[in-house]
1. May I ask you to order 98-109, 189-200 by the average number of other C-beta atoms within 10 Å around their residues, highest value first?
2. For the stretch 54-242, max minus min Cα coordinate along each principal axis, in Å, sorted largest first?
3. Given H placed 1.01 Å from N in the peptide plane, which residues other than close sequence neighbours of Gly229 have an amide H under 5 Å from its amide H?
4. What is the distance, in nm, between label points placed 7 Å from the Cα along the Cα-to-Cβ direction at Asp83 and at Arg71?
5. Take the alpha-carbon centre of the stretch 193-244, take the same for the stretch 97-161, and report the distance between them in whole Å.
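Every number here is computed from the coordinates shown, using simple stated rules; none is lab data. The structure displayed is predicted, hence computed values, not measured ones. Neighbour counts are summed over all protein chains in view; Cβ atoms, including those assigned to glycine, are modelled from backbone coordinates with ideal geometry.
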Amino acid sequence: MTTSPSPSPSPFPAARTSVPRRRAVLTLTAAAVAAGVPTARAAAARSTRTRTGKPPAAARALAELRAGNARFAALRQIHPHEDATRRAAVAVSQHPFALTLGCVDSRVPPELVFDQGLGDLLAIRSAGQALDEAVLGSIQFGVAELGVPLVVVLGHERCGAVTAAVEYVCTGKPAEGHLARIVEEIAPAAREARGLPGDWVENTVRANVDRIRRRLARDEAFDEALVVGARFDLDTGKVAFHPS
Ligand SMILES: [Zn+2]
């Protein structure tokens, strides 16, 4: 009896053994083959999918999020994937179809805002979506290990962390304790939005999302995913995606 070489160690062995890496690539390739697309053409599509258009899996994920948010905004939620069958299914493996990087704000829980259930979303949250190595590593876990094809940077109206960053840029007085690190992370967006027409905080919310989206989109660790920005409106319950 022969033994095969041991796989290289993974920081997430359970995830790697239950879910194939690069699922987005495999999905795209399978779809291309099923559609009769020549292999070379499929390879070309695979290598440029994040630059020339949405990969099929990401497009489907985005459509599902749009549909779920439309239900939430209209107060017609179906609260999917919360029954015993789903609970049993996700107990042994997970296949979230989208990753959200949102704020910790209690009014913006991704599963509710997008009307999703157990195992649907890999939801990462930090105040003002502030990035640090823990957040970036969590995103990489979702994209590289679980094969999540879509990353949504979800900002929101009247964000307290963003307001604190605007106040910091305005007064020069650092926030206290651990909050200072978060405010420093958002401050460049506040400086970028300073002087623009309209509300400074609102403009910073949008600038912050866009800065994070661009930061993630150019990081090769997330090459396998489509990265989009989004803003949640607290008044209407609607999410607007950027680019739409
Ligand atoms: Zn917030």
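1. Ranked from most to least packed, the peptides come out as 98-109, 189-200.
2. 54, 37, 33
3. When sequence neighbours closer than 5 places are left aside, the close amide H contacts are Val153, His242.
4. Going from the Asp83 label point to the Arg71 one covers 1.3 nm.
5. Rounded to whole Å, the Cα centres lie 13 Å apart.
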